[in-house]
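Visitor: Submitted below is the structure of interest, expressed as structure tokens.
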Amino acid sequence: MKYTVKLSFENATRLASFNSQPTWPQLAAHIEKCFHIPPPCAAAKYTDTDGDEITINSDEELREYY
């Protein structure tokens with residue numbers, strides 16, 4: 001199954017495609033490649049079903065998202 005993640009930073013938006021569920025290190029590496037943000041400083045956010053903005057910056061948090 002292919003996974004596509006939409007990444008946005010400042011005024012730039014990129015799509016990242018993975019052949020399987022990416023781990024946080026894989027996603028953070030892609031964030032670094034696209035936006036020059038070092039993995040220790042990288043984070044991703046999404047809005048959950050309650051409308052809350054959730055921040056992800058670890059494998060555990062990413063697994064909870066899936």
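Every number in this text was worked out from the coordinates using simple rules, so none of it is lab data. For clarity, every value in this text was computed on a predicted model and none was experimentally measured. Glycine gets a Cβ as well: all are built from the backbone with ideal geometry, and neighbour counts include every protein chain shown.
Visitor: In region 11-42, which residue that is hydroxyl-bearing (Ser, Thr, Tyr) and assigned to a strand (DSSP E or B) is farthest from MET1 (Cα to Cα)? Spell out the reasoning first.
Guide: Filtering region 11-42 for residues hydroxyl-bearing (Ser, Thr, Tyr) gives 13, 17, 20, 23.
Subsequent filtering for residues that are assigned to a strand (DSSP E or B) retains 13, 17.
Numbers: THR13: 23, SER17: 11 Å.
Filtering region 11-42 for residues that are hydroxyl-bearing (Ser, Thr, Tyr) and assigned to a strand (DSSP E or B), the one farthest from MET1 (Cα to Cα) comes out as THR13.
Visitor: Scan region 43-66 and report the pairs whose first residue is assigned to a loop (DSSP other than H, G, I, E, B) and whose second residue is of a type in the set (Gly, Ala, Ser) and surrounded by 10 or more Cβ atoms within 10 Å (Cβ to Cβ), with Cβ atoms within less than 8 Å and a gap of 6+ or a chain change.
Guide: Partner pairs satisfying both residue conditions: ASN57/ALA28; ASN57/ALA42; ASN57/ALA43; ASN57/ALA44.
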